[in-house]
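To start, the structure itself, in structure tokens.
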Amino acid sequence: MGSHEQETPHPMGLTRRGAVRAGALAAGAVLLGGAADLAAPAPALAVAAPKVYTRSDWGARRPKRYASVTRAPDHIVVHHTATANSTDYSKSHAAALSRAIQRYHMDSNGWDDTGQQFTISRGGHIMEGRNRSLAAVRDGRHAIGAHTANHNSHTVGIENEGLYTSATPTKALMAALADTCAWLCLVYGLDPAESIVGHRDYNATSCPGDRLYGMLPDLRKDVAARMRTARRRLELLSLAELPEEHLPTYPAVPTGERAAPYYHGPALGERDAVRADDGYRGAGDGLPGEDA
């Protein structure tokens, strides 16, 4: 929860490939959306997304000013909150943590609102942070926050509850973090091997702690695996629910066919070259009941 101010927009824009993927994969906070008509608008497609509790769910205060929404980000920054490693894994505790962070950021730091876009509790509950963050992701865009100095305009910040200098995050927290990162990477068309970084990769800080930072390589692999699974599920759903006009067409079933066991249709025709002088009798050579 360091003190970082907002920065001017990053010059790196979203590539055409990223824009198409963002539109096609942007999804609401649902466990699994249905497949859509291929002719329908791209945002209708949905992928596996984690359950994200909204600001109203945890009782957020009204921000001093609403966040600016800009082009899609190109990196995801992993933080730790540097707060106690609580053993209260309840949703109510996660909500209270989000309120405490917002209160600190607004009243002590003087910011407009919570700095990070998302907060994950040690119980694995994912909370929307900065105002407009969830809506921006659904649109394939980015609500600018205040979590990584000089890089806020092009990075999504995820605060993970706890202090991870030597302690290890809970399994629930890491699973939720992987789910969140996979969702964001799918929406924004990001490669987890390159886009998931720690706060210390940008600023002089110990955040997100030596232990959590050392777990980032495995996190990137876990995220990639989740992305592959989501894409496979989306493919299967798309194939299963294609409208009739998008299904492949087939020729009509032939009528008046010869009725015979295992008959598979003509084997030879008038234009086939058959040399009688070498003893060749055709496709039925040597088989009783077949004509050359």
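Assorted remarks:
- Checked against the criterion of being out of contact with any His (no Cβ under 7 Å at 6 or more places or on another chain), within 24 Å of Glu194 (Cβ to Cβ) and of a type in the set (Asp, Glu), segment 138-148 contains one or more residues that satisfy it.
- Failed condition for Thr119, given (1) in contact with a strand residue (DSSP E or B) (Cβ under 6 Å, 6 or more places away or on another chain); (2) surrounded by fewer than 24 Cβ atoms within 10 Å (Cβ to Cβ): (2)
- Segment 70-88 residues that are within 13 Å of Ile101 (Cα to Cα), paired with ones that are in a loop (DSSP other than H, G, I, E, B) and open to solvent by 20 Å² or more (accessible area, probe 1.4 Å) (beta carbon under 7 Å, 6 or more apart): His80/Leu163; Thr81/Met1; Ala82/Met1; Ala82/Leu163; Thr83/Leu163
- Taken over segment 199-224, the criterion of being within 20 Å of Pro73 (Cβ to Cβ) and in contact with a His (Cβ under 8 Å, 6 or more places away or on another chain) is satisfied by His199, Tyr202, Asn203, Thr205, Cys207, Pro208.
- Checking each residue of segment 101-116 against the condition of being modelled with pLDDT of 95 or more and under 21 Å from the mean Cα position of the chain (by Cα) gives at least one match.
- Residue match in segment 49-60 (condition: crowded, with 16+ Cβ neighbours inside 10 Å and modelled with pLDDT under 95): yes
- Residues located in segment 201-223, provided they are open to solvent by less than 10 Å² (accessible area, probe 1.4 Å) and free of Cβ contacts under 8 Å to residues at least 60 places away in the same chain: Val223
- The requirement of being closer than 26 Å to Leu186 by Cα, open to solvent by less than 10 Å² (accessible area, probe 1.4 Å) and assigned to a helix (DSSP H, G or I) is fulfilled somewhere in segment 92-99, by at least one residue.
- Residue tally, condition within 20 Å of Cys181 (Cβ to Cβ) and touching a residue at least 60 places away in the same chain (Cβ under 8 Å), over segment 102-128: 7
- Of all residues in segment 160-178 being within 10 Å of Ser121 (Cβ to Cβ) and out of contact with any helix residue (DSSP H, G or I) (no Cβ under 7 Å at 6 or more places or on another chain), the one that is surrounded by the fewest Cβ atoms within 10 Å (Cβ to Cβ): Ala172
- Residue within segment 179-200 that is within 27 Å of Ala149 (Cα to Cα), modelled with pLDDT under 95 and open to solvent by 10 Å² or more (accessible area, probe 1.4 Å) present: yes
- Within segment 137-151, tally of residues that are crowded, with 24+ Cβ neighbours inside 10 Å and in a helix (DSSP H, G or I): 1
- Checklist (1) closer than 20 Å to Ala176 by Cα; (2) at pLDDT below 95; (3) out of contact with any strand residue (DSSP E or B) (no Cβ under 7 Å at 6 or more places or on another chain); (4) small (Gly, Ala, Ser) applied to Ala29, failing item: (3)
The values are calculated or read from the model by the stated rules, or taken from the named source; none is laboratory data. Keep in mind that what you see is a predicted model, and the values were worked out from it rather than measured. In this analysis, Cβ positions are derived from the backbone assuming ideal geometry, glycine residues included, and neighbour counts consider all displayed protein chains. What goes into the accessible areas is simple: the full protein's heavy atoms, side chains included, and nothing from ligands, DNA or RNA. Shrake-Rupley method; radii C 1.70, N 1.55, O 1.52, S 1.80 Å.
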